[in-house]
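The values are calculated or read from the model by the stated rules, or taken from the named source; none is laboratory data. Owing to the predicted nature of the structure, the values given are computational and were not obtained by experimental measurement. Ideal geometry is used to build each Cβ from the backbone, glycine not excepted, and the neighbour counts take in all protein chains shown.
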Amino acid sequence: MKEVRAYIKSHKLSAVTLELHQVDGLTGMSITDVKGFGRRLAKDAGHHIVGDLVDYIPHVKIEIICRDDLVEKVVSAIQEAAHTGLHGDGKIYVSTIEQAFRISTGEFGEKAV
């Protein structure tokens, strides 16, 4: 199993969600509103810091746990739907998940996802 974690522009969430609905076998995703900054803001920090306040940029974090065979499709769907061609389109990270448990049924492994 893998975790796909993506940080995208907020206005691209609907497009990404619609694209992910086309991935057969995907069982769900979680969404969190987040704020942060990347390399570009770090380089231009003098323009975005007023006193001790940093002007963070809002993004959406998408978290997906899926079977290994779905990772390529999931990443491609996010890349295509979230792409604007501008700086700050976001990032996608893939990590290995060792185990999963479904609390309500006691299932574990891929069955729990």
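Of all residues in segment 91-113 being in a strand (DSSP E or B) and among the aliphatic types (A, V, I, L, M), which is farthest from Leu18 (Cα to Cα)?
Only one residue tops the list, namely Val94.
List every residue pair whose Cβ atoms sit under 8 Å apart, with the two residues 6 or more apart in sequence or on different chains, where the first one lies in segment 1-30 and is more than 18 Å from Phe101 (Cα to Cα) and the second, anywhere, is of a type in the set (S, T, N, Q) and surrounded by fewer than 18 Cβ atoms within 10 Å (Cβ to Cβ).
Sorted first by the residue in segment 1-30, then by its partner, the pairs are Arg5/Ser95; Lys9/Thr84; Lys12/Thr84.
With the requirement that a residue be surrounded by fewer than 15 Cβ atoms within 10 Å (Cβ to Cβ), in contact with a strand residue (DSSP E or B) (Cβ under 8 Å, 6 or more places away or on another chain) and β-branched (Val, Ile, Thr), what does segment 95-113 give you?
Within segment 95-113, Thr96, Ile97 qualify.
With the requirement that a residue be touching a helix residue (DSSP H, G or I) at 6+ places or on another chain (Cβ under 9 Å) and either within 17 Å of Ile57 (Cα to Cα) or not β-branched (Val, Ile, Thr) (or both), what does segment 77-89 give you?
Ala77, Glu80, Ala81, Ala82, His83, Thr84, His87, Gly88, Asp89 - these are the residues of segment 77-89 that are touching a helix residue (DSSP H, G or I) at 6+ places or on another chain (Cβ under 9 Å) and either within 17 Å of Ile57 (Cα to Cα) or not β-branched (Val, Ile, Thr) (or both).
When residues of segment 1-34 are filtered for being in contact with a His (Cβ under 9 Å, 6 or more places away or on another chain) and aliphatic (A, V, I, L, M), how many remain?
2
Can you tell me which residues in segment 64-90 are among the charged types (D, E, K, R) and either in a loop (DSSP other than H, G, I, E, B) or surrounded by 14 or more Cβ atoms within 10 Å (Cβ to Cβ) (or both)?
Those that are among the charged types (D, E, K, R) and either in a loop (DSSP other than H, G, I, E, B) or surrounded by 14 or more Cβ atoms within 10 Å (Cβ to Cβ) (or both): Arg67, Lys73, Asp89.
Could you give every pair whose Cβ atoms fall below 9 Å, whose first residue belongs to segment 87-113 and is free of Cβ contacts under 8 Å to residues at least 12 places away in the same chain, and whose second residue is basic (Lys, Arg) and part of a loop (DSSP other than H, G, I, E, B), counting only separations of at least 6 or pairs across chains?
Phe108/Arg102; Lys111/Arg102
When you scan segment 8-63, how many residues do you find that are part of a strand (DSSP E or B) and either at pLDDT 65 or above or within 19 Å of Gly90 (Cα to Cα) (or both)?
Number satisfying all stated conditions: 16.
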